1. Of the residues Gln48, Gln79, Gln84, only one is polar (S, T, N, Q), within 28 Å of Gly151 (Cβ to Cβ) and open to solvent by 70 Å² or more (accessible area, probe 1.4 Å); which?
2. Report, by residue number, each residue of the range 196-216 that is touching a residue at least 60 places away in the same chain (Cβ under 8 Å), touching a Lys or Arg at 6+ places or on another chain (Cβ under 7 Å) and over 26 Å from Glu315 (Cα atoms).
3. Just to verify a result, which residue in the range 175-209, among those that are among the aliphatic types (A, V, I, L, M) and open to solvent by less than 10 Å² (accessible area, probe 1.4 Å), is farthest from ligand 3 (Cβ to nearest atom)?
4. Spot the failing condition for Val172; the list is (1) within 16 Å of ligand 3 (Cβ to nearest atom); (2) in contact with a Lys or Arg (Cβ under 7 Å, 6 or more places away or on another chain); (3) open to solvent by 30 Å² or more (accessible area, probe 1.4 Å), and only one is missed.
5. Residue by residue through the range 91-102, note down the ones that are open to solvent by 20 Å² or more (accessible area, probe 1.4 Å), within 20 Å of Thr63 (Cβ to Cβ) and within 16 Å of ligand 1 (Cβ to nearest atom).
6. So is Trp281 assigned to a loop (DSSP other than H, G, I, E, B), surrounded by 13 or more Cβ atoms within 10 Å (Cβ to Cβ) and touching a residue at least 60 places away in the same chain (Cβ under 8 Å) or not?
Amino acid sequence: MNLTFLLSLAALATVGTAKTPGCGKNIPSRWPSAGSSASLNLPGTDRQYRLYIPANYDKNTPTAVYFSFHGASGTMKKQEALSQFSNSLFNPNGIAVYPDSKNGYWLSNPNADTSRPNDLDFTNDLLSHIEEKLCIDQSRIYSAGKSNGGGFTSVIACNATVGSRFAAFASVSGAYYDTDEVDGIGPCEPAERAEGYPFLEFHGTTDTTAPMDGNTKSNPKLPVIDMLQGWATRNGCGDQPQWASNETIYTNPLVKHVSWDCNGKDGIVQHYREGENGHCWPSTIGNSDYVKHPDQCPLGKYVYNATEYIFDFFEKYQLDQ
Ligand SMILES: *[C@@H]1O[C@H](CO)[C@@H](O)[C@H](O)[C@H]1NC(C)=O
Ligand SMILES: *[C@@H]1O[C@H](CO)[C@@H](O)[C@H](O)[C@H]1NC(C)=O
Ligand SMILES: *[C@@H]1O[C@H](CO)[C@@H](O)[C@H](O)[C@H]1NC(C)=O
């Protein structure tokens, strides 16, 4: 038997069996019951996270998982309220995970605690732990975040070990640090995979915290376009990627939707360029960001819920298993 034959046998054996060791097990006691959230500790560590299990969770049905990372000096609880990933309106069937940082910052922010286990190890270990306890669909694991948590989502995607476990990524008002300048992270080198790295980004043109064009303060941030072009290049769009479309989708406020088609994958990188929005998670009914940054987000409300667009984007992608 040659290697190709053995590999195709292995591929056949795994089709439709993207189940995890948690399948068939009851939800552990002290964990949230189906339809609720709770704050938990990752065993053997000093790390916390918040977990939401959907009301229709069934221990024999592999279930999707949505990570949501808080912004700098945020918390897991604030992120649950801000991103609304535990709201069945947006997420009727999936598990939501809100990891908590060590000191308010995620790896890539120069203030982050880089001691081992660092945030990449924590994310990888936390995901393994959840797969051990709950019935997870390993082809449908996703990561999103706000600000430093959005930047960290890109750092995860860049890592060949943990990034390979996630099917798609989304970042709201991300702070993208030049990771070559930060200890604790290697260069952006995701593992090769046929599915590519779907990446969705939202950014307000009036954001002064993580400005669209980056900044050169003591903690320099890259221009958003550089981060997006980087993902377009890594998805096969070449060294000087050109977007495929840049369309006005709302006129008041002016919202542009920019999309890259790379290597036969239409819209694998997407960006919403939001007029009259600053460092705020877009929501039609407002949220804590609009209270915190009334100067940057003067409408007090936005024309769409970013969370709805994130779940629609994630829905299109899953890993081949
Ligand atoms: C990638 O993440 C793993 C944890 O999943 C970590 O152990 C490893 O050091 C990271 N690699 C780089 C280059 O940062
Ligand atoms: C899309 O077009 C607007 C102008 O209408 C421009 O400001 C913006 O930079 C463009 N986006 C990209 C990614 O080129
Ligand atoms: C946005 O989400 C809120 C719930 O957080 C909901 O009440 C509202 O109807 C949504 N807006 C749209 C346009 O779907």
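The values are calculated or read from the model by the stated rules, or taken from the named source; none is laboratory data. Because the structure is predicted, anything quoted here is derived from the model rather than measured. So basically every Cβ, Gly included, is an ideal-geometry build from the backbone, and we count neighbours across all protein chains shown. Quick note on the areas: whole protein, heavy atoms, side chains included, nothing else; ligands and nucleic acids left out. Shrake-Rupley method; radii C 1.70, N 1.55, O 1.52, S 1.80 Å.
1. When all the criteria are applied, what remains is Gln48.
2. Thr205, Ala210
3. Ala175
4. (3)
5. Scanning the range 91-102 gives no hits.
6. Judged against the criteria, Trp281 is a match.
Okay, residues lined up against (1) more than 22 Å from Lys217 (Cα to Cα); (2) open to solvent by 10 Å² or more (accessible area, probe 1.4 Å); (3) part of a helix (DSSP H, G or I):
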{"residue": "Asp113", "(1), (2), (3)": "no, yes, no"}
{"residue": "Pro117", "(1), (2), (3)": "yes, yes, no"}
{"residue": "Asp125", "(1), (2), (3)": "yes, yes, yes"}
{"residue": "Ile130", "(1), (2), (3)": "yes, no, yes"}
{"residue": "Ile141", "(1), (2), (3)": "yes, no, no"}
{"residue": "Gly145", "(1), (2), (3)": "yes, no, no"}
{"residue": "Gly149", "(1), (2), (3)": "no, no, yes"}
{"residue": "Thr161", "(1), (2), (3)": "yes, yes, no"}
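Matching residues to (1) crowded, with 21+ Cβ neighbours inside 10 Å; (2) more than 24 Å from Ser143 (Cα to Cα); (3) modelled with pLDDT of 95 or more:
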| site | (1), (2), (3) |
| --- | --- |
| Pro211 | no, no, yes |
| Ile249 | no, yes, yes |
| Ile268 | yes, no, yes |
| Pro294 | no, yes, no |
| Tyr309 | no, no, yes |
